[in-house]
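Notes to accompany the following structure.
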Amino acid sequence: MIKNKDTKKNLRKKYLKLRKNFFIKKFNFDPLFKIINKNFSNKKFIVAAYFPYNYEVDVTSFIKMAILKNYKIALPVIYTGNNMKFKIWNFNDPLMINKYGILEPNRSNKTVYPDCFLVPLAAYDNNLNRIGYGKGFYDKALKKINKIKKIITIGIAYSFQKANKIPVNKYDYRLDYILNEKRIIRKNKNNI
C-alpha cells in the first residue's frame, strides 16, 4: 500500500521543487546518441524531443547535434482533450507559446509518428516509471503511437529526481530507458 505522502501529487510537487532548486546546466548526451544508434542504425528515423520548460533538462544542445547528424526532429504540440501530436521541427523554424507557457512548433508543420521519444519528467524510479505534470499527455500519446509502430522511449532527468517507488496505474506508460547526468537505467537492469 502506498502511503499518502507518496501519492503522485505529493511526489510531483516534491521533485519539481528539487528540480528548480538544483537545476544542472551541464548534461552529457553522448550516451543518448549511443542508445539511438544501437536501436536505429539501419533506417531513417524521427526523434521526438521537447523544448525545455520549468527547469527540465535542457535538450537543445542534443537537438542541435542531432540535426547536424541529419536526424529528423519532432516536437510535441498539445491539443484539446489532453491530446498531443508531434510536428517536424528545425532550429530555424519559429516556436509558439501554448496555453501552458510551453514553446511548440506551428500546428501547420507536418504531423509525424516518431520512432524515438525523449520524455521530460518530474520524477522516476528504477522500474522506469515516471511522473509528469499530471495531465497524461505523454502517457496517452506514447500508448497510441506504440500501437501503430515499435517505439523507444527515453526519460531525460537528473539523478536527484529518482524516487524510491512511483505509484502506477493502467494509464501510465513505462519507459524503456532513463538517462540522467550520471548513468542510463534500462529495462534489463544492466544499468550503465
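The values are calculated or read from the model by the stated rules, or taken from the named source; none is laboratory data. Just so we're clear, the structure is a prediction, and the values are computed from it rather than from any experiment. Please note: Cβ atoms are built from the backbone with ideal geometry, for glycine as well, and neighbour counts cover all protein chains shown.
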Note to self: Quick check on my filter: what residues within the range 23-67 are without any contact (Cβ under 8 Å) to a residue 12 or more places away in the chain and either assigned to a helix (DSSP H, G or I) or within 18 Å of ILE131 (Cα to Cα) (or both)?
What the structure shows: ASP30, LYS34, ASN37, LYS38, THR60
Margin query: Condition first: outside any strand (DSSP E or B), of a type in the set (Val, Ile, Thr), more than 20 Å from GLY155 (Cβ to Cβ) and at pLDDT below 90. Can you find one or more residues in the range 79-102 that meet it?
Written below: yes
Check: Which members of the range 33-65 meet the condition of being buried (at least 16 other Cβ atoms within 10 Å of the Cβ), over 15 Å from the mean Cα position of the chain (by Cα) and within 20 Å of ARG183 (Cα to Cα)?
Finding: ASN39
Check: Hey, does the range 81-88 have a residue that's touching a helix residue (DSSP H, G or I) at 6+ places or on another chain (Cβ under 6 Å) and aliphatic (A, V, I, L, M)?
Finding: yes
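Kindly evaluate LEU118 against the criterion of being closer than 26 Å to ASN70 by Cα, in contact with a Ser or Thr (Cβ under 9 Å, 6 or more places away or on another chain) and surrounded by 14 or more Cβ atoms within 10 Å (Cβ to Cβ).
Working: closer than 26 Å to ASN70 by Cα: yes; in contact with a Ser or Thr (Cβ under 9 Å, 6 or more places away or on another chain): yes; surrounded by 14 or more Cβ atoms within 10 Å (Cβ to Cβ): yes.
Yes: the conditions hold for LEU118.
Among the listed residues ASN169, ASN127, ASN164, ASN180, identify the single one that is in contact (Cβ under 8 Å) with a residue 12 or more places away in the chain and surrounded by fewer than 12 Cβ atoms within 10 Å (Cβ to Cβ). Please lay out each step first, then the result.
Values: ASN169 fails: in contact (Cβ under 8 Å) with a residue 12 or more places away in the chain; ASN127 fails: surrounded by fewer than 12 Cβ atoms within 10 Å (Cβ to Cβ); ASN180 fails: surrounded by fewer than 12 Cβ atoms within 10 Å (Cβ to Cβ).
One residue alone meets the criteria, ASN164.
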Margin query: So in the range 137-192, with the set limited to residues that are among the small types (Gly, Ala, Ser) and modelled with pLDDT under 95, which one is farthest from ILE36 (Cα to Cα)?
Written below: ALA163
Checklist line | Residue within the range 139-151 that is surrounded by 23 or more Cβ atoms within 10 Å (Cβ to Cβ) and either not in a helix (DSSP H, G or I) or not small (Gly, Ala, Ser) (or both) present | finding: no
